[in-house]
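Everything on this sheet refers to the single structure shown next.
Where a number appears in this text, it was derived from the coordinates with a stated rule and is not lab data. Everything numeric here is computed off the predicted structure, so don't read it as measured data. Note that we place each Cβ from the backbone using ideal geometry, even for glycine, and neighbour counts take in every protein chain shown.
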Amino acid sequence: MKLPVFEIPIYKYEIENWEENKKSLMKILPDFLQKGDFTDYYDNQMASFMPLYANTVFNLIQKSMEDFAQYYPCPAQIVNMWCERSRAGDRHEPHNHGATGFSAVLYVQFEEGKHKPTRFFSPFGDPANGDLMQYEPDVKEGDLIIFPSFLIHESQMCDTDYERIIISFNIMGQDQYNILHSV
Ligand SMILES: [Fe+2]
């Protein structure tokens, strides 16, 4: 008998009416998309600061977040949000988002076959040989992936001139957030 001990929960959602919603989102993404910047991450690091496009994103992901909330052990909230653009040759090396809860990637501009999905790395090795285990979810544009913030992941190199654009955010339990941000 095999006992499934410990699991790494990853959630996948599909945003409805994506074509229409993508147009709305692309109209309001920040100016950096017209310039040379890779991300607005470093502009958005004040506690509770949300970029101008956050409300549009909240509307798009509302149903997904309601479903996700069923699995979270306490009320949770989105605590920061940023956008990331990759052009040919760009990649985001393996990293995690800290031990703060869950993190998410919304694939805003993503062409299957040209772009590669986020690659996740198991926190433990293959029991048979210790090999580093990897996982790439099958995603398409308009999909939302939510994963534990501690989980190491990378954006694989973009090898096409067609830009890959994602929006990412972190989700934290309200009790944890209150502890971290109490004066
Ligand atoms: Fe990340």
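For this structure, a couple of remarks:
- Picking from residues in segment 117-140 that are buried (at least 19 other Cβ atoms within 10 Å of the Cβ) and either in contact (Cβ under 8 Å) with a residue 40 or more places away in the chain or hydroxyl-bearing (Ser, Thr, Tyr) (or both), the one that is nearest to the ligand (Cβ to nearest atom) is 118.
- Considering residues of segment 141-177 that are away from the ligand (no atom under 16 Å from the Cβ) and of a type in the set (D, E, K, R) only, the residue farthest from residue 99 (Cα to Cα): 161
- Some residue of segment 104-111 being under 22 Å from residue 42 (Cβ atoms), more than 14 Å from the chain's Cα centre (by Cα) and either surrounded by 20 or more Cβ atoms within 10 Å (Cβ to Cβ) or not basic (Lys, Arg) (or both): no
- Checked against (1) of a type in the set (S, T, N, Q); (2) crowded, with 18+ Cβ neighbours inside 10 Å; (3) not in a strand (DSSP E or B), residue 170 passes all but condition (3).
- Scope segment 84-116; condition more than 10 Å from the ligand (Cβ to nearest atom), over 23 Å from residue 27 (Cβ atoms) and small (Gly, Ala, Ser); matching residues: 88, 89, 98, 99, 101, 113
- Count of segment 11-36 residues which are assigned to a loop (DSSP other than H, G, I, E, B) and farther than 15 Å from residue 168 by Cα: 4
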